[in-house]
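Just so it is clear, none of the values below were taken in a lab; they were calculated from the coordinates. For clarity, every value in this text was computed on a predicted model and none was experimentally measured. Every residue, glycine as well, gets a Cβ built from its backbone with ideal geometry; the counts of neighbours run over all protein chains shown.
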Amino acid sequence: MTPGGNSRPVDLIWPSELVAAVSATPPAPRVWVAFSGGLDSTLLLHAAHHCFDGDIAALHINHQLQPNAGECETHCRAVCRELGVELVVEAVDVGAIKGVGLEESARNERYRVFETRLGPDEALLMAHHGDDQTETVLFRLVRGTGVAGLAGMPVQRPLGEGFLFRPLLAFGREQLCCWAAELGLQWIDDPSNDDQRFDRNFLRHSILQPLKLRWPTLLQRLGHTVEACREADQLAYRLAQLQYASCADARGAIGLAEFRLLSLAEQKNLLRWSILERGWTLPSVKHWDQALVQMATAKEDRAPEIKGDGFSIRRYRDALYLVAEPEAVPTGTRILSASCPVEWGSYRFCLETAGQAETAAPELEVKARAGGERIRPDPTGPSRLLKTWLQETAVPPWQRQGLPLLWEAGNVVGVADLWLSPRFSGEAPVSGWRIRAERDFN
């Protein structure tokens, strides 16, 4: 255990900068503090206890990796008991995962717990500071990240049902250590922080410390770089939004004619934004430039594709599509009624009255396309093979298989969200009832 002073002062004088930073936490029904027992989180917990009168709790993740893991947990319990702060302890098993290092596995487990613990609009305070930010930027730099990565850790971001807030990013670790000593706090040192087999520890001890000795204002200098990269990332984000609005149709397909007018950098920016907006991970593509040229210039009968984790970018005719890996097609038959909506994969169907219905609500069947079905797109014309109609209306091949169809008395009256019979659509549906078909494109 590392003491910050001989004894706790009776009348604590809290640093105004620290109080202002922690008090800037956005309003939340409950404030959690990620509490490891180390210097940074110990200071943050005490500062939060000083600043907030509301519901405060500490959350300790026991990774069960260090010899002193039990000692850390015992210390955290003692500190919270002294402060009168509720402590929640979560023990996690950090197993070896192929292609994922121990550091990253531990981090993933931590954030998984954080997400599950946070209630609606609740805040989680984390004690990352200026040195951590610098380490993060250097670490991402050597990994070959782009502007978004060099923007570092944000002060605030959504997390689960609540949000994460880092009030200490403006301060270096030396400053935090001085404050903790002045306040007489005690904390536990993590022995793994000195193990330079871990990448971040190597950066901290062998790279960052010499850099700080050479350039004492290094944290401030890199802070300016982080801010500049964050602004550049925000501008790229906004540009992608505007270009998506002009390139994409209502179903999210990006028109090739408009896409080709963009520069290669704009094309990459637009697709990366589209991928991240859907919550997917950017694919590891060694030759983005070449892949995009192939996408944009391939003949119409070709089907170029860029594969990602759980999705792909596909081209069909004159548009690009971001396509999630297909889900298992639901089986059987489900009944759609006024009182019973139907969830079917990524689709949702509701039956609602269109004004003052004169007839009782029908019961419609929802089942997967099997082949050979016919529809009557023109109520005064002949019926058509659904297969032919799907081809003529340029529905991509991967969307055709297993489409949910809506049936009434042996007749198809709806094809997913693509077509609905006039009996159940338009301003005045013939049946007096309207089908509302929705699809989650993410």
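A few notes on this one:
- If you go through region 152-170 and keep only what is part of a strand (DSSP E or B), more than 16 Å from Ala24 (Cα to Cα) and aliphatic (A, V, I, L, M), you end up with just Leu159.
- Extreme residue, farthest from Gly162 (Cα to Cα), among residues of region 22-78 that are outside any loop (DSSP other than H, G, I, E, B), charged (D, E, K, R) and in contact (Cβ under 8 Å) with a residue 60 or more places away in the chain: Glu71
- Answer residue from region 102-143, given it is among the hydrophobic types (A, V, I, L, M, F, W, C) and in contact with an Asp or Glu (Cβ under 7 Å, 6 or more places away or on another chain) and is farthest from Ala57 (Cα to Cα) among those: Phe139
- Residues (under 30 Å from Ala296 (Cα atoms) and either of a type in the set (D, E, K, R) or touching a His at 6+ places or on another chain (Cβ under 7 Å) (or both)) located in region 307-336: Lys307, Asp309, Arg314, Arg315, Arg317, Asp318, Glu325, Glu327
- When residues of region 167-187 are limited to those that are farther than 16 Å from Ser16 by Cα and of a type in the set (D, E, K, R), the one farthest from the chain's Cα centre (by Cα): Glu174
- Pairs with Cβ under 7 Å, 6+ apart, first in region 417-442 and closer than 12 Å to Gly355 by Cα, second charged (D, E, K, R) and part of a loop (DSSP other than H, G, I, E, B): Gly432/Glu358
- Odd one out for Arg140 among (1) in contact (Cβ under 8 Å) with a residue 60 or more places away in the chain; (2) within 21 Å of the chain's Cα centre (by Cα): (1)
- Subset of region 269-319 that is more than 22 Å from Arg251 (Cβ to Cβ) and of a type in the set (S, T, N, Q) - its residue that is surrounded by the most Cβ atoms within 10 Å (Cβ to Cβ): Gln294
- Among (1) within 26 Å of the chain's Cα centre (by Cα); (2) closer than 28 Å to Pro158 by Cα, the one test that Gln220 misses: (1)
- Region 24-65, subset touching a Pro at 6+ places or on another chain (Cβ under 9 Å) and farther than 17 Å from Leu176 by Cα, residue surrounded by the fewest Cβ atoms within 10 Å (Cβ to Cβ): Gly54
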